[in-house]
Amino acid sequence: MHINDIDLNLLRLFNEVYSAGNVSRAAERLGLTQPAVSHGLTRLRLLIKDPLFVRAPGGVKPTPKAVALADAVQHALNTLSQALNESTGFDPAHSRRLFRLHMSDIGESRFLPGLMATLQRLAPGVRVASRPVAHAQLADALDSGVIDAAFGFLPQVKDTQHTELLRDRYVVLLRAGHPMLASLNRLRGAEQLKALKQLDFVAVRSHSDTLRILAQTGLQDRLRLTTEHFMVLPSIVSATDLCVVMPGNIAQGFVETGGCVIVRPAFRDCDFTVSLHWSHRFEADPDNRWLREQVLQLFGEL
């Protein structure tokens, strides 16, 4: 097969199906119908003489040939995109760019409302997809262009460009009428930490730092509910005597909506810094640079 036989759009289509692992999601990202994507895959299969993708639970999985092609295709597309963007710049008012961002569910609640309001005002055609990635794979995902930026407390992520956005610490959120509130506010230091052992807690299974703080403070036996979702916590806390250990920045937002209050115990190792990460490869990319500038203007407290 000769390179002249390949339509660049087929490579874009291949890249989206490979990264999404699902034909329907790839079609949505590309702004195409699912039959159009399926037809394009058929053309590419005939050219390359390989099935490329086979059905799997929840979507498709790549063949060994597709895996071998994936890095080269991603690199070629990113290189071409970067070269074109450097020559044309980024026009937010007319762009239809899709930005893929890594953030946790807490991060989504903290950053997406303000970011989307700004994008709707300055770049109404720009789209955003939140795409969580395993921390061990974040640097590679940024370098390959699978995601454009990562938000969070990510000390284990190395070899990326990053800038600090805000500093935070873990606090306890409880309902305003909690029977232990007066006692907790009266106590300080070790006495306050000891009083926490009379409380019952709820935690999100995926939030390892919350579970770590509960364990090191001797509160793991006071855990009464473990959930899968962060956004249910305010409703649970305001309706019960259950409390939650969570980042203070997010807890403050729940306090402002009413019904909850914050207690700030002297937890050990509870301070952390939230940063914005991106790839060295896209440092000069106009799209990426413009997005970073908006994020820093909105959330850069440091």
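The values are calculated or read from the model by the stated rules, or taken from the named source; none is laboratory data. Just so you know, these numbers come straight off a predicted model, no measurement behind them. Using ideal geometry, Cβ is built from the backbone for each residue, glycine included, and neighbour counts are taken over all protein chains shown. To get the accessible areas, we keep the full protein, side chains included, count just its heavy atoms, and leave off ligands, DNA and RNA. Shrake-Rupley method; radii C 1.70, N 1.55, O 1.52, S 1.80 Å.
How much accessible surface does Met180 have with a 1.4 Å probe, in Å² rounded to 10?
Near enough 30 Å² of accessible area.
Leaving out ligands, DNA and RNA but keeping every protein chain, what accessible area does Glu28 have, in Å² rounded to the nearest 10, with a 1.4 Å probe?
Ignoring ligands and nucleic acids, Glu28 comes out at about 140 Å².
When Lys and Arg each count +1 and Asp and Glu each count -1, what net charge do the other residues less than 13 Å away from Leu223, Cβ to Cβ, add up to?
Here the charged neighbours net out to +3.
Label points 7 Å out from Cα along the Cβ direction at Asn249 and Asp271: separation in nm?
Result for the modelled spin labels: 1.5 nm.
Hey, what's the per residue convex hull volume over the C-alpha atoms of region 1-156, in cubic angstrom?
138 Å³
Given the Cα-Cα distance of Thr42 and Ala76 and 0.36 nm per residue of separation, how much length would full extension add, in nm?
Fully extending the segment from Thr42 to Ala76 adds 10.1 nm.
Jot down the radius of gyration and Dmax of region 47-133, Cα atoms only, both in angstrom.
When restricted to the Cα atoms of region 47-133, Rg and Dmax are 17.3, 47 Å.
Of the listed values (1) 44, 21, 17; (2) 53, 24, 19; (3) 43, 23, 13, grab the one calculated as semi-axes √(5λ) of the Cα gyration tensor in Å from the structure here.
Structure-derived value, by its label: (1).
Going by Cα centres, region 93-166 and region 237-302 are how many Å apart?
13 Å
Determine the gain in length on full extension of the stretch Asn9-Val67; use 0.36 nm per residue of separation and subtract their C-alpha separation, reporting nm with one decimal.
19.0 nm
Rounded to the nearest 20 debye, what is the charge dipole size of the chain about its Cα centre when +1 sits on each Lys and Arg Cβ and -1 on each Asp and Glu Cβ?
680 debye
Could you run the Debye sum over the Cα atoms of region 1-73, one equal point scatterer each and no solvent, and tell me log10 of I(q)/I(0) at q = 0.13, 0.18, 0.27 Å⁻¹, two decimals?
Cα-only, vacuum Debye calculation for region 1-73: -0.32, -0.63, -1.46.
Between Thr240 and Arg96, take the C-beta separation as r, use R0 = 35 Å, and let me know the FRET efficiency to the nearest 0.05.
0.15
For every other residue with a beta carbon closer than 13 angstrom to the beta carbon of Arg175, add +1 if it is Lys or Arg and -1 if Asp or Glu, then tell me the sum.
Computed value for this residue: -2.
From the helices alone, meaning DSSP H stretches of at least four residues, give me the mean residue ellipticity at 222 nm for the chain, per-run term -39500 (n - 2.57), in deg cm²/dmol to the nearest 500.
Dividing the helical sum by the residues of the chain leaves -14000 deg cm²/dmol.
Per residue, how big is the convex hull around the C-alpha atoms of region 215-302? Give it to me in cubic angstrom, could you?
Hull volume over Cα atoms, normalised by residue count, gives 168 Å³.
When the chain is fully extended, how far beyond the present Cα-Cα distance does Ala129 get from Leu166, taking 0.36 nm per residue of separation?
Additional length available on full extension: 11.1 nm.
Dipole size in debye (nearest 20) for region 140-283 around its Cα centre, Lys and Arg Cβ +1, Asp and Glu Cβ -1?
760 debye
Restricting the count to DSSP beta bridges whose residues both fall in the chain, what percent are antiparallel, rounded to a multiple of 5?
Bridges in the chain that DSSP calls antiparallel: roughly 65 percent.
Counting only protein chains, not ligands or nucleic acids, how are Tyr18, Tyr170 ordered by accessible area (probe 1.4 Å), most first?
Tyr18, Tyr170
What whole-number value in cubic angstrom gives the convex hull volume per residue for the C-alpha atoms of region 162-237?
134 Å³
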